[in-house]
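Heads up, the thing below is written out as structure tokens.
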Amino acid sequence: MIYYISGGERSGKSSYAQKLAEDLSPNPYYLATSRIWDQDFQKRVDRHVSDRDERWTTLEEEKFLSTVIPQKSVVVIDCITLWLTNFFVDTKYDVEKSLGLAKEEIKKLQEIDATIIIISNEIGMGIHSEHESGRKFTELQGWTNQAIAKIADKATFMVSGLPLQLK
């Protein structure tokens, strides 16, 4: 089962996903995809860690998510935007190559016997970036979100802390 949860920054995605995981399992997993880019980002990571109690096991993987997800588990992947950033930076901002790598990994996620809750930002509804790399990343994010939503069993869009069921 794949759940897809998207929305804007601070829309309530993570707390919604966490509650869902806790309802589905007494011992869920949290799969962190981010690199720690700076001190401010470390504070954000620390806040997310403090939101989870002892029932949670944290996994960390920057790119190859399917390699660390246990079978028969409930896993929250947080988040696709940071995961894509890792591909985007490592491919020197190559959208096509990054999208290809992301789609390969998404396909592998479908093959795992687990309940996977995928969190992603919807960044295409905001300001149009003045920087080429920002515009390219927005395209990459949008195409990846579409690929995940297509294969997801359930899709939820978060707005102001409220879940809107898409499918």
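Derivation of every value follows stated rules applied to the coordinates shown; laboratory data play no part. Since we're looking at a predicted model, the values are computed, not measured. When we count neighbours, we look across all protein chains shown, and the Cβ atoms used for this are built from the backbone with ideal geometry, even at glycine.
Starting at the first residue of segment 129-140, write each ³J(HN,Hα) from the Karplus equation 6.51 cos²θ - 1.76 cosθ + 1.60 with θ = phi - 60°, in whole Hz, x for Gly and Pro.
Values per residue, Gly and Pro as x: 4, 7, 9, 4, 5, x, 5, 5, 5, 4, 5, 4 Hz.
Separation of segment 129-167 and segment 1-40 by C-alpha centroid, Å?
With segment 129-167 and segment 1-40 each reduced to a Cα centre, they are spaced 15 Å.
Taking amide H positions as placed 1.01 Å from N in the peptide plane, with prolines and chain starts having none, which residues 5 or more places from ARG52, or on another chain, fall under 5 Å of its amide H?
Under 5 Å from the amide H of ARG52: no residue qualifies.
Using only helices, what value at 222 nm comes out for the chain when you add -39,500 (n - 2.57) per DSSP H run of length 4 or more and divide by the total residues, to the nearest 500 deg cm²/dmol? Please list the in-between numbers first.
Values: 5 runs with 71 residues, N = 167.
Roughly -14000 deg cm²/dmol at 222 nm, from the helical runs in the chain.
Compute the long axis of helix 13-24 from its Cα atoms, compare it with the longest principal axis of the Cα atoms of the chain, and write down the angle in degrees, 0 to 90, nearest 10.
Roughly 30 degrees between the two axes.
If packing is taken as the average number of other Cβ atoms within 10 Å across a peptide's residues, how do 102-110, 130-138 rank, most packed first?
Packing proxy ranking, top to bottom: 102-110, 130-138.
Between helix 80-90 and the chain, what is the angle of the helix's C-alpha long axis to the longest principal axis, kept within 0 to 90° and rounded to the nearest 10?
It works out to around 50 degrees.
Convert each backbone phi in segment 144-153 into a coupling constant with the Karplus relation 6.51 cos²θ - 1.76 cosθ + 1.60 (shift: θ = phi - 60°), then list the ³J(HN,Hα) values in order as whole Hz, x for Gly and Pro.
Values, residue by residue: 5, 4, 4, 5, 5, 4, 4, 8, 5, 6 Hz.
Can you list the HN-Hα couplings for segment 52-62, worked out from phi with the Karplus curve (6.51, -1.76, 1.60; θ = phi - 60°), rounded to whole Hz and with x for Gly and Pro?
With coefficients 6.51, -1.76 and 1.60, one gets 10, 9, 5, 5, 8, 10, 9, 10, 10, 7, 7 Hz.
Cα to Cα, under 26 Å, and not fewer than 8 places away if on the same chain: which lysines meet these conditions relative to LYS97?
LYS63, LYS107, LYS108, LYS136, LYS150
Counting Lys and Arg as +1 and Asp and Glu as -1, each charge on the Cβ, what is the dipole of segment 2-165 about the Cα centre in debye, to the nearest 20? Working shown, then result.
On the way: 20 positive and 25 negative charges, 46 e Å.
Dipole size: approximately 220 debye.
Can you tell me the length gained on complete extension of the stretch ARG47 to MET125, counting 0.36 nm per residue apart and subtracting the Cα distance?
Working: separation 78, 0.36 × 78 = 28.08 nm, distance 2.58 nm.
My answer for the length gained is 25.5 nm.
Would you mind telling me which residue in ILE148, ILE119, ILE36 has the biggest mean-square fluctuation in a Gaussian network model of the chain, where springs connect alpha carbons within a distance under 10 angstrom?
Comparing ILE148, ILE119, ILE36 in a Gaussian network model of the chain, the most mobile one is ILE36.
Could you sort 77-88, 22-33 so that the peptide with the highest average Cβ count within 10 Å comes first and the rest follow in order?
Numbers: 77-88: 22.2, 22-33: 17.0.
Per-residue mean Cβ counts within 10 Å order the peptides as 77-88, 22-33.
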